[in-house]
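Structure record follows, encoded as structure tokens.
The values are calculated or read from the model by the stated rules, or taken from the named source; none is laboratory data. Owing to the predicted nature of the structure, the values given are computational and were not obtained by experimental measurement. Neighbour counts are summed over all protein chains in view; Cβ atoms, including those assigned to glycine, are modelled from backbone coordinates with ideal geometry.
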């Protein structure tokens, strides 16, 4: 699967302080978990698409979302089939008690899908715009080692994929047929790939640890050569993310606009809901209109 | 702690070291002194203790590896015993063999800054140090590039910049050019030499490619089984002035002119010496016999290949590999050599054009079938190894090639014997050294005697002795009616084994034929001795020391 890796661009989002980028993603995560109204969730999702577009990363974003759609649809389908609480049953299943498809179940599944898409969408935008070194340097404030582990694994992921490819080539060159036989045979046939991959990766890990130590890693307190301050656009992004969290909780708990799906759909609509949805979408996409400050600043 | 000006940069006294669980010491009473600003070339066969000694300088041995140690190491006036590696990093900068294994960050400038940050350099001074170090190695302008986008040569220069930036008084480099093509290797060494002179740092450089390094060395130290066998001038080393000196550890030029005057240290000196000997009629080149060309075993015609992203890597290649011959395929990185090799056994299929194996179109045959006739050794020998023992690894290939029972055991035994693996048959391949593993992988391909053997860069990190044995093995394979194609940057391996050269550039064959044709068109693929004897009268210059005859014996 082509994971969404950082792509350098000159955009408002790329130029944000890494803390602001992470806050943005967390804001959308909270909003998506708290909100249940489909209109609100659609607005949040739309906001993340605006962000992707403003980061000039729509192509990479779509490449990953398209693949993710399959995963999401499977999750939703299982949920729809396994939930028997809907009143308007449209398909009773093959006499199996627990399988039934209802209009309510389908509607709930659709809302689940939108929620899932909103979350995945914003984290895709995050990983397309957050340089792995920014993450390391952000984490270095409180957990340098974890940050470094995370950034090293992003760096090494393509290397391991390449290793696996070259091992498959090597074993086939020797005459092994890795795809022959039944399932058990195929599992066994993976050993010639798994064993060399494991040992290669272990040796690489030991080698990198050795090189890091030789360069003074872990010798004591570190310094940071890029101590970026938060500037006003970063504060705006942090503010809009916080406001998004507060507004979501307020909309879900206080104002209402909370639909119910079972046993029958009850979807509150009206001007208030419409305006609230527009505001949510605007909050999410606000960073798109910030000035761009010359690409990623790397912590 | 700054060292006093006249104290040596490195002082090793009576150093012995045993890896955990080892009975034989990796280092056995080593004494070594390196003065400030001096470049010491550390020479020795694989497993002689070179890497161990380098790791002992900055404390990785013993604090990272464990094991027992005796004796003392003093670097920059600091006694290393009991000090953490991280602290010693201020005094010793280490550059390893594989650039990929030493990169930590994703961006070039952050990578250089990593060491400075780890050693807590003041943040305000880091930027200028990063800039200086990157310009010193010719990577200015690459600050924001991804480390993964660099070529091997650039990555190794980045590794050098990363240690130069912290300005340690001692640099220790472990075969830094072994993964680089000849041009990148020369460039790396030239920059290393310039920077160490400009900065006055002491350098300990472990290398196998000696002809390349000798001209920049101030002194040479030879390790044999963990002991110092020789410690003296480059001239004394080149002349082989120690007991047990063998061609396996000598530079090619020394091996070639051992019967002449003092050994030449540079190509120019060798050329002058050869010209002098030739003018007195005392130098003769006796080319080794080339076999009569046999049948075409593998051929391709009009081969074109593009990757799915549209990049055309092969642009119409014609090639015929005949029985009895060893063919050397050379050319810069990215020329399409490995891609071509992967077409010969069907791992890749041509976009247009045709590949024939033993007279049959390869298009209709699976890789597992083609592999019986064409064995391909890819660049990482570890990729082949997964069985519990070396014997099982070889037996598996025997089984895949249809050998069972006594016939299989006999074949496994014979191949193990030929590769010097007989004593390791019960070992787990991953417990063996890199060189031994490579022979296991080669063995796993040679079992069942496939007609065609294709090797991709088989001599990376290999010492002169093992290179000579590999060259001999390839000759034997060809002489037994097989055919060998070796994809290599190593002009010396080609010189030892090849009958025919093919040079590729940008997906096309640009030179082909015997050495005279190939090197006439592309002189920088010629081995060092060929370049040194180019003006000598005779059928052609010499490829390797065994082709050179000096008449009248030593004049020393």
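Looking only at region B:351-372, residues that are surrounded by 20 or more Cβ atoms within 10 Å (Cβ to Cβ) and in contact with a strand residue (DSSP E or B) (Cβ under 7 Å, 6 or more places away or on another chain) come to 4 in all. Residue-level check: of (1) away from chain A (no Cβ under 14 Å); (2) farther than 14 Å from residue B:10 by Cα; (3) without any contact (Cβ under 8 Å) to a residue 40 or more places away in the chain, residue B:64 misses just (1).
Quick one: which of A:214, A:205 is in contact with a strand residue (DSSP E or B) (Cβ under 6 Å, 6 or more places away or on another chain) and more than 30 Å from residue A:110 (Cβ to Cβ)? So the residue among A:214, A:205 that is in contact with a strand residue (DSSP E or B) (Cβ under 6 Å, 6 or more places away or on another chain) and more than 30 Å from residue A:110 (Cβ to Cβ) is A:214.
The residue of region B:109-139 that is farthest from the other protein chains (Cβ to nearest Cβ), among those that are under 28 Å from the mean Cα position of the chain (by Cα) and surrounded by fewer than 22 Cβ atoms within 10 Å (Cβ to Cβ), is B:138.
Residue-level check: of (1) in a helix (DSSP H, G or I); (2) within 14 Å of chain A (Cβ to nearest Cβ); (3) without any contact (Cβ under 8 Å) to a residue 60 or more places away in the chain, residue B:142 misses just (1). For residue A:176, the conditions (1) farther than 22 Å from residue B:146 by Cβ; (2) at pLDDT below 90; (3) more than 7 Å from chain B (Cβ to nearest Cβ) are fulfilled apart from (3). Out of (1) out of contact with any strand residue (DSSP E or B) (no Cβ under 6 Å at 6 or more places or on another chain); (2) surrounded by 18 or more Cβ atoms within 10 Å (Cβ to Cβ), what's the single condition that is false for residue B:171? Every listed condition holds for residue B:171 apart from (1). Taking region B:1-108 and the strands (runs of 3 or more DSSP E) fully enclosed by it, the elements with 1 or more residues that are surrounded by fewer than 23 Cβ atoms within 10 Å (Cβ to Cβ) are at B:10-18, B:27-34, B:39-43, B:68-75. Here's a check for you: in region B:450-472, which residue that is within 13 Å of chain A (Cβ to nearest Cβ) and either in a helix (DSSP H, G or I) or out of contact with any helix residue (DSSP H, G or I) (no Cβ under 6 Å at 6 or more places or on another chain) (or both) is nearest to residue B:362 (Cα to Cα)? In this case the residue turns out to be B:452. Listed by position, the strands (runs of 3 or more DSSP E) enclosed by region B:281-389 that each have at least 3 residues that are touching a helix residue (DSSP H, G or I) at 6+ places or on another chain (Cβ under 9 Å) and within 13 Å of another protein chain (Cβ to nearest Cβ) are B:374-377. The condition of being more than 14 Å from every other protein chain (Cβ to nearest Cβ), surrounded by 18 or more Cβ atoms within 10 Å (Cβ to Cβ), part of a helix (DSSP H, G or I) and touching a strand residue (DSSP E or B) at 6+ places or on another chain (Cβ under 6 Å) does not hold for residue B:416.
How many residues are more than 7 Å from chain B (Cβ to nearest Cβ) and either over 31 Å from the mean Cα position of the chain (by Cα) or surrounded by fewer than 15 Cβ atoms within 10 Å (Cβ to Cβ) (or both) when one looks only at region A:210-229? Residues that pass the stated criteria total 1. Residues in region B:461-497 that are on the phi > 0 side of the Ramachandran plot and within 15 Å of the chain's Cα centre (by Cα): B:461 only.
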